[in-house]
Every structure is written in structure tokens, then in C-alpha cells.
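Before any comments, here is the structure.
The values are calculated or read from the model by the stated rules, or taken from the named source; none is laboratory data. Everything quoted here is computed from the prediction, not taken from an experiment. Reconstructed Cβ throughout: ideal geometry from the backbone, glycine too, with neighbour counts over all protein chains shown. Remember, those area values only see protein heavy atoms, side chains included, never the ligands or the DNA or RNA. Shrake-Rupley method; radii C 1.70, N 1.55, O 1.52, S 1.80 Å.
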Amino acid sequence: MTIDTSELAALRPDMTRFAYLLLRDSHAVEDVVQATMLTAIEKQDGFKNNSSLKTWIFTILRNKTIDTLRRGKREVSISELSENDDDLEEVLFNEHGSWNQEMKPKAWGDPEASFEQSEFWAVFNTCLHNLPEQTSRVFMMREFLEFEVDDICKELKLSASNCWVTLHRARAKLRLCLDINWFSGQGFQESRR
Amino acid sequence: MLSCKEANRLMSQELDRKLSWGERIGLRLHISMCDGCSNARKQMSVVRSACKHAFALDDKADQ
């Protein structure tokens, strides 16, 4: 099955965003995206119409990104992991470990409905983008590359406890960011009007 | 009895590993009594499903 190169080109911004969240280096990202497009064109016979072009391309992109991460042998230092972290837990919880009243999560209503709105995705992408570099890498490896936690620790030479803490922070930050900028904030209400 | 802070750590970990029996019971008990944590847990799972949608990769299972 032949692929439509204009369709391929249209996927480029998404591919770039995806790779950037993991690699955070524009040269490496450019290389990975180009190599993916080249592979897609060379191997287009392997593309079966029963999956979407995007899914197929992202499988290639995923593998290329993993290769690049491995080649780079990115080791994460503890200090990098705590980058601008200023103890999120201290903001969320009081000294007894209970919610600080104003931080206590409220119900989000029907979040799936938001998935239909492009404004939501703009907010979501900004939230992902605002994660500190290493936190983002660990989180993306888990959620998008679907690594098991043990494998993330091995790849990035992190202790298991650091990996767990980093994933937890990433989720807490994203949850908070979506809450402030979408679900409790203006974005959600405006788009529902 | 788990604190909210501890419950939050566990609800993130349950997305990555199978919790022990004791952890599961502790978390369930806490959540049944705490709205904030119950909402936090739902929100964490929204974050996960948003990730699956974000690059429209959720049809991956169809392959």
C-alpha cells in the first residue's frame, strides 16, 4: 500500500512534539523525525491499511526515539530530578499529610468530553511541555513508550525509589496543571458555553 | 490509616505495578472516606487516558 507523502508531512508537527518531550534536543529530534519519514517511505509496503497511517508512523518513531535515548546513554543525576520541584507535596499537603484545603481535588465532571476539544489539547500539551526535562522523559517513557518502571530505572540509571517519586510528581503536576488551566479554570467554562 | 499524602503515592504506583493486598485494602479504605483522594485518583486516571489520546495512539490495540 502506498502512502501519501502529504499525509506524512501533515504528521510532522505531532512527531516533532512527541520526540521533543523525550529528547529535549532539537537536533536529535530533527534527526529522529527525518529518519522516521525516510523509513516510512522506504518500507511503505509494510504499511497495511488496517491500522491508521499515524499509528504505523508512530510505531516507527517510537522505536527510533528509544534507539536515540539508548545511544545517548542519558544518565540522570539526582539533582536534575529534583529540578524546580520545590516540594510539591508540601504545597499539596499539610504537616499531617492531609490535603491543604485549597488544594483538595474537586470532581472534574465528564473529562472525556474535553478530549473532543482542541482547546483542551492545547492546554494538555502545554502542561506536558512544562514538566521539567528529566521528569518529562521518565513520564513519557512510561506512558508513551510503555516501558516498565524497572526498565526505565535501568535505562536512565535511576534508583527504583527515584523512578516512583518522579512518576508520581509528573502525574501530580499534570493533574494540577489541567485542573488550574482547564477543569476549574476559564478554558473549560468558555468552551462549554 | 493512610494519610492523603501516602494514599496519593500509592494511587500513582497502582498505575505502574500491582499493589500488595495490604496496600490495596488501605487505599480502598482511605478513598471510601476521602473525597479529595477519590477525586485525585480519578484525575490521575484521566491523565493516563489523555496520554493515550494525545497522539491518537489508542487504536494501537487494534493492530
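Sort largest first and round to whole Å: the equivalent ellipsoid semi-axes of the stretch B:1-59, each the square root of five times a Cα gyration tensor eigenvalue. Each step should come with its number before you reach the end.
Details: eigenvalues 118, 33, 12 Å².
Each semi-axis is the square root of five times an eigenvalue, giving 24, 13, 8 Å.
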Provide A:LYS104, A:LYS43 ordered by accessible surface of protein heavy atoms (probe 1.4 Å), highest first. A:LYS43, A:LYS104
With every protein chain present, what is the per residue accessible area of the stretch A:93-193 (1.4 Å probe, Å²)? 47 Å²
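Subtract the Cα-Cα distance of A:GLN34 and A:ALA113 from 0.36 nm times their separation in residues, and report this length gain in nm to one decimal. Don't jump to the answer; show the numbers that get you there.
Details: separation 79, 0.36 × 79 = 28.44 nm, distance 3.45 nm.
Full-extension gain reported as 25.0 nm.
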Simple spin-label estimate for A:GLU95 and A:ALA10 in nanometres, 7 Å along Cα-Cβ: 5.9 nm
Per the charge dipole of chain A (beta-carbon charges, Lys/Arg positive, Asp/Glu negative, Cα centre), the residue among A:HIS27, A:TRP56, A:THR126 reaching farthest to the positive end is A:TRP56
B:HIS53 label point, 7 Å along Cα→Cβ, cut-off 16 Å on backbone N: hits in the stretch A:119-133? A:119-128
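How shielded is B:29-41 by partner chains, expressed as the average number of their Cβ atoms within 10 Å of its Cβ atoms?
Numbers: counts 0, 0, 0, 0, 0, 3, 5, 9, 4, 2, 8, 10, 2.
Counting other chains' Cβ atoms within 10 Å and averaging over B:29-41 gives 3.
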Please compute, for peptide B:5-13, the average count of beta-carbon atoms on other protein chains lying within 10 Å of each residue's beta-carbon. 5
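Would you tally the net charge around B:VAL46, using a Cβ to Cβ cut-off of less than 12 Å, leaving B:VAL46 out, and scoring K and R as +1, D and E as -1? Please list the in-between numbers first.
Values: positive: A:ARG171, A:ARG175, B:ARG41, B:LYS42, B:ARG48, B:LYS52; negative: A:ASP110, A:GLU112, A:ASP179.
Around B:VAL46, the surrounding residues sum to +3.
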Please list log₁₀ I(q)/I(0) at q = 0.08, 0.11, 0.15, 0.18 Å⁻¹ for chain A, using the Debye equation with identical point scatterers on the alpha-carbon positions. -0.33, -0.61, -1.03, -1.27
With a sphere of radius 14 Å drawn around the Cβ of B:SER32, what net charge do the other residues whose Cβ falls strictly inside it have (Lys, Arg +1; Asp, Glu -1)? +3
Checked against the positive end of the charge dipole of chain A (+1 on Cβ of Lys and Arg, -1 on Cβ of Asp and Glu, about the Cα centre), the farthest of A:SER6, A:LEU69, A:MET141 is A:SER6
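Net charge near A:GLN44, counting Lys/Arg +1 and Asp/Glu -1 over other residues with Cβ under 13 Å of its Cβ? Present the calculation step by step, with values, prior to reporting the outcome.
Values: positive: A:LYS43, A:LYS48; negative: A:ASP4, A:GLU7, A:GLU42, A:ASP45.
Here the charged neighbours net out to -2.
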Sulfur and carbon atoms: percent of accessible area, the protein assembly as shown [1.4 Å]: 50 percent
Share (percent) of C-alpha pair distances in the stretch A:91-137 greater than 18 Å works out to 58 percent
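Determine the shielding of peptide A:151-159 by partner chains: average, over its residues, the number of Cβ atoms on other chains within 10 angstrom of each Cβ.
On the way: counts 0, 1, 0, 0, 0, 0, 0, 0, 0.
For this peptide, the per-residue mean of nearby foreign Cβ atoms is 0.
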Placed amide H near A:PHE93: partners under 5 Å, 5+ positions off or other chain: A:ASN100
What is the spin-label model distance, in nm, from A:ASN63 to A:ARG24 if the labels are put 7 Å beyond Cα along the C-beta direction? 2.8 nm
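Any idea of the total accessible area buried by the A-B contact, 1.4 Å probe, rounded to 100 Å²? Please report the intermediate quantities before stating the final value.
On the way: alone 11380 and 5010 Å², together 12980 Å².
Summed over both sides, the interface buries about 3400 Å².
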Normalise the Cα radius of gyration of the stretch A:1-41 by 2.2 N^0.38 Å (N = residues in it) and let me know the number. 1.17
Of the listed peptides A:105-114, A:158-167, what is their order by residue-averaged count of other C-beta atoms within 10 Å, with the highest listed first? A:158-167, A:105-114
